[in-house]
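Down below is the structure, laid out as structure tokens.
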Amino acid sequence: MIKIAYQRIACNLIAVIALAALSSGCSVLGGDQRQHDEAVALYQQAMAAREDGQLETSLAHLDTLLSDYPNTPQGQQAMLEKAYTHYHLKNYPLTIEQTSTWLEQGSEADTPERAYARFLRAEAARALWNADTSSPRKTSLARQAFAYYRKVVEYHPESKEVKTAFQRMQQLRRDLAAEELRRAREDMQAGDFATAAERAAWVAEQYRDVRHAADALALQAEALENLNRDREAAATLRMLQILYPDHPAVE
């Protein structure tokens, strides 16, 4: 999945660089031609270094652009380029920080650059969630990624990134449902039937469009039976039968 994300980001990056190059050719901020030429040369060096896999060298050039040529188009582009480079280095928190800063500095216009920045931020957040091996998993990571993808959809509904953003949001919902169901099963194994029933009911209610909802209803019914709440258990099984008649728990 990360490889696919890299390919999509790379395609967007080409467009961003092209726009920056076009801007630099048409306008020289501050009227300083020498500063402009130096910024263009440094930007090209940074991009060439990254293309050659010299990521730390590329970051050093981009840092110089930010500090010495902040008012040039290349300097203004440098932070977003740094964010992508850090993503490639798997420095996902830095990617999130730098894309957020870049977005805060600009307007709220619906531009390809801003759509790309928001998508890159979401991809970094999703990568943090996918890399999480803790138990229980930190669902706040998935929720944060979901929120970032939703920003892509809300602010850039016509962008190239929106289709993938929707797909990522759906996958994150499946991930969250699976994690909550896993916790409910752990509660069952620990004999905490009340918590298991409550958690399973929440999964079934919040994630009705996800396949884990059926398993959640079955688990809820089992937990209620263990609590001797037979009428509620029967009602839950009836709901399972109506909504998911092919589920193994339906006799």
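When the test is whether a residue is under 24 Å from Gln105 (Cβ atoms) and modelled with pLDDT of 55 or more, Asp52 does not pass it. Just one of the listed residues (Asp230, Asp209) is open to solvent by 90 Å² or more (accessible area, probe 1.4 Å) and modelled with pLDDT under 95, namely Asp209.
Consider Pro136 against the criteria (1) more than 30 Å from Leu227 (Cα to Cα); (2) surrounded by fewer than 13 Cβ atoms within 10 Å (Cβ to Cβ): it satisfies all of them except one. Which criterion is unmet? That leaves (1) as the condition not met.
Scanning the range 183-206 for residues that are among the small types (Gly, Ala, Ser), open to solvent by less than 50 Å² (accessible area, probe 1.4 Å) and assigned to a helix (DSSP H, G or I) turns up Ala184, Ala196, Ala197, Ala200, Ala201, Ala204.
Scanning the range 86-114 for residues that are closer than 26 Å to Gln44 by Cβ and surrounded by 24 or more Cβ atoms within 10 Å (Cβ to Cβ) gives Tyr87, Thr95, Gln98, Thr99. The requirement of being open to solvent by 50 Å² or more (accessible area, probe 1.4 Å), of a type in the set (Asp, Glu) and assigned to a helix (DSSP H, G or I) is not satisfied by Glu180.
Within the range 214-238, the set of residues being over 38 Å from the mean Cα position of the chain (by Cα) and either touching a residue at least 24 places away in the same chain (Cβ under 8 Å) or not in a helix (DSSP H, G or I) (or both) comprises Asn226, Leu227, Asn228, Arg229.
The values are calculated or read from the model by the stated rules, or taken from the named source; none is laboratory data. As the structure is a prediction and not an experimental result, all values here were calculated from the model. Heads up, the Cβs are rebuilt from the backbone with ideal geometry, glycines too, and the neighbour counts pull from every protein chain shown. Surface areas here come from the heavy atoms of the whole protein model, side chains and all, with no ligands, DNA or RNA. Shrake-Rupley method; radii C 1.70, N 1.55, O 1.52, S 1.80 Å.
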